[in-house]
Amino acid sequence: MTFPVLSIITFTPLVAALILLLMPVNRKNEARVVALASATFALILSLWVYFNYDQSIAGYQFVEKYEWLPALGISLHFGVDGIGAPLVLLTGVVMFTGVLISWGDDNPHVMAGIQDRPREFFAFLFILAWGVLGVFVSLDLFMLIFFYEIAVFPMYLLIVIWGWSVTREYAAMKLTLYLLIGSVVSLVGALAMYFAQYQNTGVLTFNMLTMESARFSPSFQIIWFLPVFLGFAVLGGIWPLHNWSPDGHVAAPTAVSMFHAGVLMKLGAFAALRVGIMLLPEGAKYWQWLIMAFAAIAVVYGAYIAFVQKDFKYMVGFSSVSHMGLVMLGFSTLNADGLLGSGLQMFSHGAMTALFFAVVGMIYDRAHTRQIPELGGMSKAMPFATVGFIIGGLVSMGMPLFSGFIAEFPIFMGVWQVHWFVAVICSISIVITAAYIMRNIRQVFFGDMPEKFEGHITDITILDKVAITTLCIFMIVIGAYPKFMAPMVQTGVEYIMRLLGGS
Amino acid sequence: MDFISTHFLSLILFLPALAAVFMLFLPKEEIKLLRWFALGASLIPFLLSVSIWFQFKSSIPGFQFQERYEWYEALGSTVHLGVDGLSLTMVLLTTLLTPLAILASFNITDKVKAYMMLFLFLETGMLGVFMSLDLLVFFVFWEVGLIPMYFLINQWGSANRNYASMKFLIFTMGGSLGLLLAIQLLGVLFETYDLLALTQRWTSLQPDSTLLGMSVSTVKAIAFWAFTIAFAIKVPIWPFHTWLPDAHTEAPTAGSMILAGVLLKLGAYGFLRLILPLYPVEARYFAGALAFLATAAIIFGALASFAQTDFKRLVAYSSVNHMGFVVLGIAAAGLAHGTPDATIALNGAILQMFNHGLSAAGMFFLVGVLYERTHTRNLEEYGGLFTLVPIYGGILIFTSMASLGLPGLNGFISEFLIVRGSWPILTIYTAVSMLGLFFTGAYILKALKKVLHGPLNEHWSHGEHKLTEINTREMLVMAPLILLMLWIGIYPAWILDVINKAVMMLF
Amino acid sequence: MFTSISFASILPEILILIVGMLVLIIEPFWKEEKRRNVGWLTAGGLFAAMLISFLAGQPGAPTSALGGMIRFDWLGFFFKMLFMFAGAATALLMMDHEQLGKRGEAYLLLLASLIGMNLMAVSSDLIMLFLAIETASIPLYALAGFMLGDDKSTEAGFKYLLFGILTTTIMLYGFSLVFGFSGTTDIYQLAEMFRVGAIAPLAAFGILALILVGIGFKVAFVPFHFWAPDVYEGSPTPVAGFLSTASKAAGYAVLLRLFFIAFPEPSLSASWTTTLAIIAAISMIVGNLLALPQTNIKRLLAYSSIAHTGYTLIGVVALTQLGAASVVFYLAAYILTNLLAFGIAMAFSKATGLENIQDYAGMSRRSPWLGLMMLTAFLSLTGMPPFGGFVAKVVVFAAGIQAGYVWLVVLGVITSVIGAYYYLNALKFVYLYRMPNQDEENHPIPLSRPYAIALVALTLGVILIGTIFAPWFNWSDAGALNLF
């Protein structure tokens, strides 16, 4: 019996959430300490998993399996491959930084972090993290959906309770309903697969490793691929089902936006890949053109809409749509390069967008506005955040030596192999992205500071700096030294390519 | 010492960046320390590149000092460094101009730390382009240079800097977009980015096979134009030049020096390093168009320059004019690949790149010196300054003459070689371009007249506006440039030898 | 004839009867202010009965007992356990009710009704079944109208009575037709009759329709749902909770046994499964849509329970072992969840006297624990993990898909998203909105001990079913196996 590291990672947030809920109501600082301690613990463990993943063996590692409901073939079956391991790491990182960002600041000018009921906030956040981690490590389809849904509902509460008071009720409900529709549609598809594989193999099981070799008939795959893929892809922000995402981002409190864009959207993409493409490869091939068209539209359209936004957070929100479009674009290529890029882009975008939302949150907490034209000169007051945002911006633009480039380049290479025209069209987004990122950096951080802000804007706290640094390190390391992550993702991609080629 | 001798290029390449990272931990109040540290950090690569200049064996074909490191295995890309005569010349130019530019920016007082760091990053970016023998890494460095330049213009530039920096960014990013796509195309087709392997496989493709559903010739034509446009914007070739006057005018002095001195050469270098070897057929086919654009750049650049009233803008347009000659030489070489005439033209083009680097950097610096004292760049507001600042005047005249192509100075040698080489190949274009030379003379003389001669503008002669003479630091910046201009003008063999052999072997 | 099997087969009922007699005997000895302790007695007694039955009265292989009147099998046993648990929880919740809490007869009626329900779950003879249904229903009529001074309660009781009598009469008519056509009242023999075609299909269909009316009333599916909202709103809240859970589950117990055993013939089942599928679809749509505009929490729960009937019916429609298992599992999860929801509504109205959803504003600040429990209950009703409702929905949907009812499942999926809207909306009041003066600290919601025990037990149960679902499913599955 090896050390059950994956289940420990997965259940750490749950345990932390329970401890938090059992704590007395008014112990705010203790709640924060508990939250930080458990987030750090999870981060360390996820780093351990990441570095101990044996790339020479590849495949699923750290596998654990406990029978859960043998009658229906449900088991707690955990394991990570080259695509899952980076995402587990990403979750650890975002959890850690999210807790730091939400710590709270007693400065009366700055209503940063979470002042109101931090105990509940962290508890719900950790339940969310529990679901997220569960999805990334589950090798059992039922459990994957189980955890997937767990990740959905805390969002509602987190947004509705701690969100931006203007739109939170609308946004939270919209988000939850969209995601719920998506997930239940996927659930129906998953159940169909469950019974179809029973017909084919005579084994009643939700084990995805078995399902991979279930040999679903092509017509079955063609029928069910779209519901399954799109159902999950809703959470990945695929066009035209992306509408919930910017609203949700804007309404959510900072740490939740970070989690939402940084990790949760990956959840949709990951599940769409894991269940949609890997289990229904023939369906994926059949519908490739449609997914690619959706993704291409998302890439360009998202970038353009981001370009015309006046609200800082909406801009970041739509840029997420654009970047997640790239992930989907990589999926839709169904070749090694594209999938490699998508795997990397999921991590890269997660870190980048978490950083964006963190900085936007810091600015909003101090300036109490997010209207880009009303902001200015933040670099004087908060230089560290400025540098962080610029690095994030460079990642977003796909600037070489940052992780964005490392991720986007293979995606485009993959697209070239499918259709040159799509590659050309999508590349337009790079220029648009560069334009809006640079324009906003100039306006928000370097423009003249409006008089009403003079003296009111304080620098960010040391905890914020730690969070920003952590995120930046990952983006730069991957960008300058792709070997940190690319070979690992590649092992995962090779596995997927075998599934795609073998059927 | 063994480590140094086996890692020359990577040391030159990464030292500036490492120094910049190190600077992160220096206190930002210690302005003097920061300045001297940056200068020192940029001098080491210069010394190293001088050292490899002497170790370089020009008679051996191929690339020397090669190094290779794993980078992005998944895509088959490695950090493959190496220099030949062509890139070595450019490396030398870069490592020479960077310390000078840093020395020239000792008058910067605002955010010195960030400024110096950006400059050092910029140097790494530029050097990387010249050294890399891997297409993907080439592109990485190509883009990396962009961002520091953007911030240098945007943060330390003059009044209209926002517009100019944005324009610069969008133009160059838009241009490199095509480059990016074309590089991806090549990578997809050959699963390697190594330039040497790529050149061989790409040129030996069967013309009747199909790639990605298109015929080889179509693919090649598309890729050729994608490369060409990217480099043309960077050079810049008319009509893609409109970002240049704005960027130059608004950039801080040292930024303009590097921009004109090195960044423009990146485009020309791209033509020589990538387009001519990778697309010989297309280059021949489209050489006429290229020559036309080059001629247009020469003529319109000169005319536009003549029409300026802003001193810095005038110098900026002169860059368009001068770089036009480089492109003319390249076009000639593309058309008549391998002939002795083409070789001569190429020699001229490469030398012109080096020379323009020297003279443009010098000119921008001198404009900057004047601007710093007078806070105006309007030619109408100067006049008769020679009497006030004779040493400055002398230096300005000297540098202008080098730029103008006065025999005995460096500009003459290179322009003569280009014209001589192109004449038999592209007679009409060359003839028209020679007209451009007249205009060159005209605008430079106009500038000299407006600034130094004519009636003295009394405003500058006394009181708080009294013009002060060029100081020692500034002379130190100019000294190496003047020395080289003179040296190449009188005895070009030392550099032409290296260039010529490289050209002979390459083409 | 009265063997040990016979004894074991009705052991729970005997035990309940003993508890009832204890109540009758002890109650007069307690003074008025201590009479509330009858609740402890009832609940404790029911728990003891459950425990004893579980240890001593587990069924083995399915057998007939008491002259073929009842069937002694896991299905019935599991249902009995559920009913008794629900009864115990209801007894606890009744304790602090103003009109019910100190009235021994209320507890007695509850116990009587429980005996009826238990017998409903095991009856294998139509006569026995009818008696059981009446035994279960009549005490409930009384309980629904228990609050004499309250117009709404009286109305509820009367409405429930009229509706109940009407529908049971129709069902009885169906039963007598069955006997007329076949000459037997034994459900297991009936199956044989239908198989050999002793009854003309048209007549059989008519009979089925008549019987469905009676069951439809019990489980409150459309179009026999009209009584539910009014009765739930008017009757004492604990009774409403009991009506919407145990009573409904008893209806399903009958539905399962009667239809799965007696009418599974393809020639017959095609018609009734189609009918039920349509009914399920309409119930899901109507229940969820009508729940949307509700402002009273009890009415909201009433309409939502109509919707849940629809979901449960999917498992019945599937007519497979998985389908039957999913129904049982769904009911188990649903009983716990809905009792919890009603319990919270009760605790809240006990403290504040209010029943509208708007009045729940600031509740999570007034009592964080109650807020969390409400979260548990409502998310479980929505069908979110890690609560019972999620797994229950998944198995029901799985059964539907396995049987080829993809359209029904898709409809269920869509309507459950509509459901999410109003459940989450209610949670918004609990967690987001504040009291008018934002002084929640001064308005705590006290929980008396019986409430606390009942609610915590129910909450843990909901979470337990939702996480460690294997034992519950295995029991449901074992029960389902008895139907085939």
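One table, with the values for the structure above:
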{"read-out": "Any hit, region A:415-424, residues being modelled with pLDDT under 90, in contact with a Phe, Trp or Tyr (Cβ under 7 Å, 6 or more places away or on another chain) and either of a type in the set (A, V, I, L, M) or within 30 Å of A:Lys285 (Cα to Cα) (or both)", "value": "yes"}
{"read-out": "Residues (among the hydrophobic types (A, V, I, L, M, F, W, C) and crowded, with 18+ Cβ neighbours inside 10 Å) located in region A:196-222", "value": "A:Ala196, A:Phe206, A:Met208, A:Met211, A:Ala214, A:Phe216, A:Phe220"}
{"read-out": "Test set (1) under 23 Å from C:Phe342 (Cα atoms); (2) at pLDDT 90 or above - C:Ile18 fails condition number", "value": "(1)"}
{"read-out": "Hits in region A:64-98 - residues which are within 14 Å of chain C (Cβ to nearest Cβ) and out of contact with any Leu (no Cβ under 6 Å at 6 or more places or on another chain)", "value": "A:Glu67, A:Leu69, A:Pro70, A:Ala71, A:Leu72, A:Ile74, A:Ser75, A:Leu76"}
{"read-out": "Which numbered condition A:Asp464 misses (of (1) surrounded by fewer than 18 Cβ atoms within 10 Å (Cβ to Cβ); (2) in a helix (DSSP H, G or I))", "value": "(1)"}
{"read-out": "Positions within region A:127-137 being more than 12 Å from chain C (Cβ to nearest Cβ) and more than 18 Å from A:Ile114 (Cα to Cα), in sequence order", "value": "A:Val132, A:Leu133, A:Phe136, A:Val137"}
{"read-out": "All positions within region C:393-425 that are surrounded by 22 or more Cβ atoms within 10 Å (Cβ to Cβ), more than 21 Å from the chain's Cα centre (by Cα) and under 21 Å from A:Gln199 (Cα atoms)", "value": "C:Ala398, C:Gly400, C:Ile401, C:Tyr405, C:Val409"}
{"read-out": "Helices (runs of 4 or more DSSP H) (entirely within region C:213-332) containing at least 3 residues that are more than 18 Å from C:Phe378 (Cβ to Cβ), at pLDDT below 90 and of a type in the set (Ser, Thr, Tyr)", "value": "C:266-291"}
{"read-out": "Restricting region B:185-202 to residues that are over 16 Å from B:Val140 (Cα atoms) and charged (D, E, K, R), the residue that is surrounded by the fewest Cβ atoms within 10 Å (Cβ to Cβ)", "value": "B:Glu191"}
{"read-out": "Enumeration of residues in region A:439-467 that are within 14 Å of chain B (Cβ to nearest Cβ) and either in contact with an Asp or Glu (Cβ under 8 Å, 6 or more places away or on another chain) or under 25 Å from A:Ala303 (Cβ atoms) (or both)", "value": "A:Arg439, A:Asn440, A:Ile441, A:Arg442, A:Gln443, A:Val444, A:Phe445, A:Phe446, A:Gly447"}
{"read-out": "Selection status of B:Thr468, over 23 Å from B:Ala316 (Cβ atoms), among the β-branched types (Val, Ile, Thr) and modelled with pLDDT under 85", "value": "yes"}
{"read-out": "Selection status of A:Pro373, farther than 17 Å from A:Thr461 by Cα and away from chain B (no Cβ under 13 Å)", "value": "yes"}
{"read-out": "Helices (runs of 4 or more DSSP H) contained entirely in region B:1-109, each with at least 2 residues that are small (Gly, Ala, Ser) and within 14 Å of chain A (Cβ to nearest Cβ)", "value": "B:8-23"}
{"read-out": "Residue match in region C:450-462 (condition: within 11 Å of chain A (Cβ to nearest Cβ), closer than 30 Å to A:Phe146 by Cα, within 27 Å of the chain's Cα centre (by Cα) and not hydroxyl-bearing (Ser, Thr, Tyr))", "value": "no"}
{"read-out": "Hey, A:Thr176 within 24 Å of A:Tyr60 (Cα to Cα) and either free of Cβ contacts under 8 Å to residues at least 24 places away in the same chain or not aliphatic (A, V, I, L, M) (or both) or not", "value": "no"}
{"read-out": "Qualifying residue in region A:251-273 (condition: surrounded by fewer than 24 Cβ atoms within 10 Å (Cβ to Cβ) and charged (D, E, K, R))", "value": "no"}
{"read-out": "Selection count, region A:307-359, where residues are farther than 16 Å from A:Ser396 by Cβ, more than 14 Å from chain B (Cβ to nearest Cβ) and buried (at least 24 other Cβ atoms within 10 Å of the Cβ)", "value": "3"}
{"read-out": "C:Asp186 being among the charged types (D, E, K, R), out of contact with any Lys or Arg (no Cβ under 7 Å at 6 or more places or on another chain) and at pLDDT below 90", "value": "yes"}
{"read-out": "Test: residue in region C:444-466 that is charged (D, E, K, R) and within 26 Å of C:Gly39 (Cα to Cα)", "value": "yes"}
{"read-out": "Residue that is of a type outside the set (Val, Ile, Thr), within 22 Å of the chain's Cα centre (by Cα) and surrounded by 19 or more Cβ atoms within 10 Å (Cβ to Cβ), where the choices are C:Leu166, C:Leu131, C:Leu162, C:Leu143", "value": "C:Leu143"}
{"read-out": "Among the candidates A:Gly414, A:Gly398, residue that is crowded, with 21+ Cβ neighbours inside 10 Å, over 17 Å from A:Ile83 (Cβ atoms) and within 12 Å of another protein chain (Cβ to nearest Cβ)", "value": "A:Gly398"}
{"read-out": "Residues of region A:7-40 that turn out to be in a helix (DSSP H, G or I) and within 20 Å of C:Arg366 (Cβ to Cβ), as a count", "value": "5"}
{"read-out": "Members of region A:19-55 that are more than 17 Å from A:Val137 (Cβ to Cβ), of a type in the set (Val, Ile, Thr) and touching a residue at least 12 places away in the same chain (Cβ under 8 Å)", "value": "A:Ile19, A:Val25, A:Val34, A:Thr40"}
{"read-out": "Unique match (being crowded, with 24+ Cβ neighbours inside 10 Å and part of a helix (DSSP H, G or I)) among B:Ala304, B:Ala361, B:Ala296", "value": "B:Ala361"}
{"read-out": "In region B:151-203, the residues that are among the aromatic types (Phe, Trp, Tyr) and more than 11 Å from chain A (Cβ to nearest Cβ)", "value": "B:Trp156, B:Phe190, B:Trp202"}
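Residue-by-condition table, conditions (1) within 17 Å of A:Met278 (Cα to Cα); (2) within 9 Å of another protein chain (Cβ to nearest Cβ); (3) in contact with a Gly (Cβ under 9 Å, 6 or more places away or on another chain):
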| residue | (1), (2), (3) |
| --- | --- |
| A:Ile145 | yes, yes, no |
| A:Pro154 | no, no, yes |
| A:Leu158 | no, no, no |
| A:Met193 | yes, no, no |
| A:Gln199 | no, no, no |
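One line per residue, one yes/no per condition, for (1) touching a Leu at 6+ places or on another chain (Cβ under 8 Å); (2) within 12 Å of another protein chain (Cβ to nearest Cβ):
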residue: C:Ser349; (1), (2): no, no
residue: C:Glu355; (1), (2): no, no
residue: C:Leu370; (1), (2): yes, no
residue: C:Val396; (1), (2): no, yes
residue: C:Ile401; (1), (2): yes, yes
residue: C:Val409; (1), (2): yes, yes
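Residue-by-condition table, conditions (1) of a type in the set (Val, Ile, Thr); (2) modelled with pLDDT of 90 or more; (3) touching a strand residue (DSSP E or B) at 6+ places or on another chain (Cβ under 9 Å):
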residue: A:Ile114; (1), (2), (3): yes, no, no
residue: A:Pro118; (1), (2), (3): no, no, no
residue: A:Phe122; (1), (2), (3): no, no, no
residue: A:Phe126; (1), (2), (3): no, yes, no
residue: A:Val132; (1), (2), (3): yes, yes, no
residue: A:Ser138; (1), (2), (3): no, yes, yes
residue: A:Leu141; (1), (2), (3): no, yes, yes
residue: A:Val152; (1), (2), (3): yes, no, no
residue: A:Trp162; (1), (2), (3): no, no, no
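The values are calculated or read from the model by the stated rules, or taken from the named source; none is laboratory data. All values derive from a computational prediction rather than experimental measurement. So basically every Cβ, Gly included, is an ideal-geometry build from the backbone, and we count neighbours across all protein chains shown.
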